[in-house]
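Inspection log for the structure reproduced underneath, given as structure tokens.
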Amino acid sequence: MDNVDYPSFICEADRVSHETDPGYSVIEGVVEAGAVAPAVDEIPEWFRQFLDHRQASKPSAHTMKAYRRDFVAIANLLTGGEPARLSPADITRDSMRAAFAAFAADHEAASIRRCWSTWNVLCTFLYTNELLAANPMQLVGRPKLKKPLPKALPRTAVEALLSAVTQESNTRRTDWKERDLALILTTLLAGLRAEELRLVDVGDIRTLDDGSAVINVKGKGGKERNVPIEAALLEMIGTYMDSRAGRFPQSKKRTSSPTSRPLSGWPHSAPLFVGRDGERMTRGTLQSRIKRAFKRAGPDARPVPGALVHGLRHTYATELATSNVSVYTLMKLLGHESMTTSQRYVTAAGIETRSAAAQNQLYSLLTEQREDDGTS
């Protein structure tokens, strides 16, 4: 089922560029490239009301920014670069078709679909509030969604990536191999999304008696899930936290005893992953650290095209699928709303097709043939 704020294909497309293009110049009521884009804050009051309405459902900050960007991009085209002047009366079938045709000229299909989704939600809001006679977006074309099967890193690439991080010398101010190793391993062994990694707090990790732990993950749309991790990963996280205490001794609330659990002594509200300033890691820092790790690993570890952090999550899911984890369990661990999304990992791993092919009774003929030939 699609997310109420954004359909699943948009929610998963964190890696698609969301930068607004430089402005446009007016031709026949639709703006074309050339002018300077207005500030994002220059929006009409009715659009502010729409944002307030959406905010009530607690969407992510990323989603709210995307609403603004997509609105400004099309409003620029409809008004000649003055989105604050846009009136619901300007939103017609023909004007939206022309605007999206211009927008599509220099945007990728995923960006067009994301923008179309924003305007579809917006026009539904306007129609519900009797500011539009009808939602014209169903009559505005959009690219068909292509759903390539998720790609995972091969085992050799994972080994090269981890080796590259382990061999970091920590000589540069930005280097912090203990943190980067814990970051990458948490993605590979818990399958968290980029934003979920950023938002994990120390208190979200509950240590169990056998040395393993459970991470309470705050997922999309405020949905929470529990992801189990083994003692080996918890130990790596503990090593990182020890190094962090050395860098920021004031960040711990008390000294742990040698027999304490790995995260004891840390405030529950402290972010798990921080930047070099000791504050919660930013999206940019997260991306740059993963990118640097791949760069250091060289040609033996190339990231999944278009999916830097998400490629590690794909690898987690594919490894589970290869181990015959059920689709339902995958859905719960990954935080998917639909089993259809999780099924794609099973399909990509080829588990079901290989298992089905192995059931072919004609394979018994090969056994008989080998026995007849004396080769078995």
Filter the range 58-99 for residues that are hydroxyl-bearing (Ser, Thr, Tyr) and in contact (Cβ under 8 Å) with a residue 60 or more places away in the chain; which is nearest to Arg193 (Cα to Cα)? Ser60
At least 2 residues that are at pLDDT below 90 and aliphatic (A, V, I, L, M) in each: list the helices (runs of 4 or more DSSP H) lying fully within the range 266-376 that qualify. 310-322, 327-334, 339-349, 351-358, 363-373
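Can you tell me which residue in the range 277-291 is farthest from Val158 (Cα to Cα), limited to those that are in contact with a helix residue (DSSP H, G or I) (Cβ under 8 Å, 6 or more places away or on another chain) and not β-branched (Val, Ile, Thr)?
Gly278
Among the listed residues Thr156, Thr128, which satisfies the condition of being among the polar types (S, T, N, Q) and under 25 Å from Thr315 (Cα atoms)? First the steps, then the outcome.
Working: Thr128 fails: under 25 Å from Thr315 (Cα atoms).
The match here is Thr156.
Among the residues of the range 83-97, are any in contact with a strand residue (DSSP E or B) (Cβ under 9 Å, 6 or more places away or on another chain), of a type in the set (Gly, Ala, Ser) and within 21 Å of Pro143 (Cα to Cα)?
Narrowing the range 83-97 to residues in contact with a strand residue (DSSP E or B) (Cβ under 9 Å, 6 or more places away or on another chain): 95.
Subset that is of a type in the set (Gly, Ala, Ser): 95.
Going one step further and asking which of them are within 21 Å of Pro143 (Cα to Cα), we end up with 95.
Yes, that holds for at least one residue.
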If you take just the strands (runs of 3 or more DSSP E) that sit entirely in the range 181-249, which of them hold at least 3 residues that are touching a Phe, Trp or Tyr at 6+ places or on another chain (Cβ under 8 Å)? none
With respect to the numbered conditions (1) surrounded by 19 or more Cβ atoms within 10 Å (Cβ to Cβ); (2) under 30 Å from Pro305 (Cβ atoms), which one is the sole condition not fulfilled by Asn135? (2)
Filter the range 239-265 for residues that are at pLDDT 90 or above and surrounded by fewer than 19 Cβ atoms within 10 Å (Cβ to Cβ) and give the result. Thr239, Asp242, Ser243, Ala245, Gly246, Arg247, Phe248
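So that you can scan it fast, the table gives a plain yes or no per residue for (1) loosely packed, with under 13 Cβ neighbours inside 10 Å; (2) within 27 Å of Ser251 (Cβ to Cβ):
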{"residue": "Leu139", "(1), (2)": "yes, no"}
{"residue": "Ala164", "(1), (2)": "no, no"}
{"residue": "Arg173", "(1), (2)": "yes, yes"}
{"residue": "Leu183", "(1), (2)": "no, yes"}
{"residue": "Val200", "(1), (2)": "no, yes"}
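The values are calculated or read from the model by the stated rules, or taken from the named source; none is laboratory data. It should be emphasised that the depicted structure is a prediction, and the values quoted were computed from it without experimental measurement. All Cβ positions, glycine included, derive from the backbone under ideal geometry; neighbour counts span all protein chains shown.
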